[in-house]
Every structure is written in structure tokens, then in C-alpha cells.
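J.: Questions regarding the structure given below will be posed in turn.
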Ligand SMILES: CC(C)(COP(=O)(O)OP(=O)(O)OC[C@H]1O[C@@H](n2cnc3c(N)ncnc32)[C@H](O)[C@@H]1OP(=O)(O)O)[C@@H](O)C(=O)NCCC(=O)NCCS
């Protein structure tokens, strides 16, 4: 995927955005668990990495970050289905939120989607997750619907958010 630049993040926060590899998975699963995201787990991510339609990225430091003692700061897991990008999971370690890491991950994913000829995206987000909704709105997503009691533990509605990249400024 040509649009993932190895040095993309070198000028910002000393991390880069990279395609996820199997070496990232232990940390990705840790982040997933700490974010209380819908659980995939190691095996599901491993399987997903092998699919040509998957789009999986990490924000990774070159050396373990002194604050988190980890290499991976955050991740984004998406998949292209029927010409549309479905964003499945996005998570950033709590100590380094608010620094634009999720935004960078999403920008790279959208750029890659466009390079594949994908012009729309869809995702579900907890109705009460204002931070994530704000992130997605900032990247051109709008609320398109609601799925009643979509999430469990705790039970909560999902908002369906969609973006049509061709209409982005
Ligand atoms: C949602 C999440 C991924 C954002 O990660 P992040 O790296 O802190 O986000 P960024 O710093 O890139 O912020 C980008 C934009 O998101 C929005 N945003 C992020 N955190 C926010 C918050 N706490 N409150 C309101 N808006 C927020 C803002 O619009 C922000 O843009 P701005 O800084 O120009 O205002 C992170 O809070 C997280 O991991 N949460 C737990 C997991 C989760 O909810 N994932 C989404 C599942 S659908």
C-alpha cells in the first residue's frame, strides 16, 4: 500500500503510521482490552491480517515510549467490503490520547481506501461515545442511522456513521 509512508509520523510525536504486522498483535490486543472495545482478540486479528481486503494500521514508536513502555500507541482495523471501507476498531492508549494519533490513523486509512478506489466508509459507534463520534465527524462522517441495543456489556445503541469521500473538502 503505497500511501503508508514509513516516516509519516517522524515529524509528529516521533511515531509513524505503519501497516500492522503479527509482531504488533500482543500490544494491539492489550490496547483493545484497555479501551473496552468489542473484543476480537489475537486469533481474529491474526486471521484478519491475512485477508487481502483488510486494512490494519498501527501508530508505532521507534523505541518503547517512556510514558507507556510500549511500542504501539494505537491501532485501526478496517476492511473493504463491496467497495466500501468498514471501520471495525480504533483505539489509542489512554496516556497518549488527545495528540492526534487516532486522527493520523484515520487519515492514512482513508488515503489508502481512496487509492483502492473506495469512496465511502461506514462504522458503528456507541451512542454515548462522544470522543469517537467527534473524531469521525472531523473526518467527514455523518450519522446515518441507529441500531437499537447493538452493543452488550453494557447494552447500548449503536450509531451508524457514514462518509462519502468524494464529497470531502
Ligand atoms: C476515540 C479515540 C480513538 C480518539 O483517539 P485520540 O488519539 O485521542 O484522538 P485524536 O487526538 O486524534 O483526536 C482527533 C479528534 O477526535 C475528537 N476527540 C478525540 N478525543 C476527544 C474527546 N475526549 N472529546 C471530544 N472529542 C475528542 C476531536 O474531534 C479531535 O480533534 P481535535 O483535537 O482537533 O478537536 C480514543 O479516545 C480511544 O481510544 N477511545 C477508546 C476506544 C474507542 O472509543 N474507540 C472508538 C470505537 S468506535
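J.: Length gain on complete extension for the stretch residue 21 to residue 162, per 0.36 nm per residue less the alpha carbon to alpha carbon distance?
T.: Additional length available on full extension: 48.0 nm.
J.: Turning to a different aspect of this structure: Based on the Cβ-Cβ distance of residue 79 and residue 14, what FRET efficiency does E = 1/(1 + (r/R0)^6) give at R0 = 25 Å, to the nearest 0.05?
T.: On the way: r = 29 Å, r/R0 = 1.17.
So the FRET efficiency works out to roughly 0.30.
J.: Show me 73-82, 40-49 ranked by packing, highest mean number of other Cβ atoms within 10 Å first. Numbers along the way, then the final one.
T.: Numbers: 73-82: 21.4, 40-49: 14.5.
The packing order, highest mean first, is 73-82, 40-49.
J.: Quick one: compute the contact order of the range 15-123, relative version, from alpha carbon pairs under 8 angstrom and 6+ residues apart, as a percent.
T.: Working: 179 pairs, mean separation 28.5, N = 109.
26 percent.
J.: Hey, with R₀ at 22 Å, roughly what FRET efficiency would residue 69 and residue 42 work out to, going by the Cβ-Cβ distance, to 0.05? List each step's numbers first, then the result.
T.: Details: r = 20 Å, r/R0 = 0.91.
Calculated value: 0.65.
J.: Across bins of 5 angstrom width beginning at 0, how are the C-alpha pair distances of the range 15-123 distributed, in whole percent?
T.: Bins of 5 Å from zero give 2, 13, 25, 25, 20, 10, 4, 1, 0 percent of pairs.
J.: To the nearest 500 deg cm²/dmol, what mean residue ellipticity at 222 nm is calculated for the chain from DSSP H runs of n ≥ 4 alone, each contributing -39,500 (n - 2.57), summed and divided by the residues?
T.: Working: 4 runs with 42 residues, N = 169.
My calculation for the chain gives -7500 deg cm²/dmol from helical runs alone.
J.: Also, quick follow-up: Relative to the present Cα-Cα distance, how much length would full extension add between residue 131 and residue 107 at 0.36 nm per residue of separation?
T.: Values: separation 24, 0.36 × 24 = 8.64 nm, distance 1.66 nm.
Additional length available on full extension: 7.0 nm.
Any read-out appearing in this document is the output of simple, stated calculations on the displayed coordinates, not a laboratory observation. What you see is a predicted model, and the numbers here were worked out from it, not measured in a lab. As a convention, Cβ positions derive from the backbone with ideal geometry for all residues, glycine included, and neighbour counts pool all protein chains shown.
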